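One structure is given here, and the rest of the page talks about it.
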Amino acid sequence: MQVLLIEDDVDLAATIGEYLEAKGYDVEFAYDGLTGLNLATTRGPDVLILDIQLPGIDGLEVCRRLRKANADLPVLMLTARETLEDKLAGFEAGADDYLLKPFEMAELVARLEALHRRAQVAVADEVLRVGDLTIEPATGRITRAGRALALHRIGVELLTLLAREAPRIVSREDLEGAIWGAHPPDRDLLRSHLYLVRQVVDRPFEVALIRTVRGRGVRLAAAEAP
């Protein structure tokens, strides 16, 4: 796996790089935002590890610009910022996952593997429909009532998982396991993603399709579903 690491802390970058290379990854480094953005758009890495606090342009701006050039590159954002607002800002910029510093290297590897694996898996020609919502998992194309909707990668995956189970309730534990595997993050991360999905899928419309069932989980259901 080709990994691009954009991190201005030289010591931390070296530690991460040595660990990943010992695991068999090919790692390329950038220590500022503009250099990292250039490498991300020209070298074609499989996964990007992106720090938020960077000289030049910060990680959020790197991610925003990257998404205009490459919507599919998986991005794992590293940061010491732990508030819900910080996480939402990262996801809105286009990050796929979020890892708080300090972190265990084993968890970093697990997150990278999960991102890479999900990026490789797509079911051709599959179309999911719930009410007036249509999802094409292979392309990430989502429409509701004929209107195209834009979601980040994990948002598409969450919506796809819910659509495949609709109208059944999916527990938060099952959602976390499907997205992050054996190393799920804290619950605020799932909540952040669900909040962003609702803002896109439900807020502009009169009828909400995504519903939280207290104590049980989340379901996606058309208005007429029991």
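What follows is calculated from the coordinates using simple rules that are stated; it is not laboratory data. For clarity, every value in this text was computed on a predicted model and none was experimentally measured. So basically every Cβ, Gly included, is an ideal-geometry build from the backbone, and we count neighbours across all protein chains shown.
Distance between the 7 Å Cα→Cβ label points at residue 18 and residue 129: 5.8 nm. Relative to the longest principal axis of the Cα atoms of the chain, helix 187-201 runs at roughly 60 degrees.
Once you keep just the Cα pairs under 8 angstrom separated by 6 or more residues, what percentage relative contact order results for segment 1-94?
29
Taking trypsin sites (Lys or Arg not before Pro) across segment 2-99, the ones in a DSSP loop with at most 16 further Cβ atoms lying within 10 angstrom of their Cβ are 23, 43, 81. Under the criterion of Cα pairs below 8 Å and six or more residues apart, the relative contact order for the chain equals 14 percent. When the convex hull of its Cα atoms is viewed from all sides, segment 79-150 shows a mean projected area of 6.3 nm². Among the lysines, which have Cα under 22 Å from the Cα of residue 101 when same-chain residues fewer than 8 positions away are ignored? Qualifying lysines at Cα under 22 Å: 23, 87.
Rounded to the nearest 20, the size of the Cβ-charge dipole of segment 22-69 about its Cα centre is 220 debye, with Lys and Arg at +1 and Asp and Glu at -1. Expressed as a rounded percentage, what relative contact order does segment 45-143 have, with Cα pairs under 8 Å and six or more residues apart? Value for segment 45-143: 22 percent.
Axis of helix 59-69 versus longest Cα principal axis of the chain: the two differ by about 70°, to the nearest ten degrees.
Relative to the Cα centre, the charge distribution of the chain, modelled as +1 at Lys and Arg Cβ and -1 at Asp and Glu Cβ, gives a dipole magnitude of about 1220 debye.
In order along segment 204-221, the Karplus-derived 3J(HN,Hα) couplings, from 6.51 cos²θ - 1.76 cosθ + 1.60 at θ = phi - 60°, round to x, 10, 6, 10, 7, 9, 8, 10, 8, 9, 3, x, 10, x, 10, 9, 10, 8 Hz, and Gly and Pro are given as x. Taken over the Cα atoms of the chain, the convex hull encloses 122 Å³ per residue. Centroid-to-centroid, using Cα positions, segment 147-171 and segment 17-84 are 26 Å apart. Each residue of segment 32-49 is assigned a 3J(HN,Hα), and the resulting list reads 8, x, 5, 4, x, 4, 4, 5, 5, 8, 10, 9, x, x, 7, 9, 10, 9 Hz, derived from the Karplus form 6.51 cos²θ - 1.76 cosθ + 1.60 (θ = phi - 60°), x at Gly and Pro.
Rounded to the nearest 20, the Cβ-based charge dipole of segment 36-115 about its Cα centre (Lys and Arg +1, Asp and Glu -1) stands at 320 debye. Angle of helix 105-120 to the longest C-alpha principal axis of the chain, folded into 0 to 90 degrees and rounded to 10: 60°.
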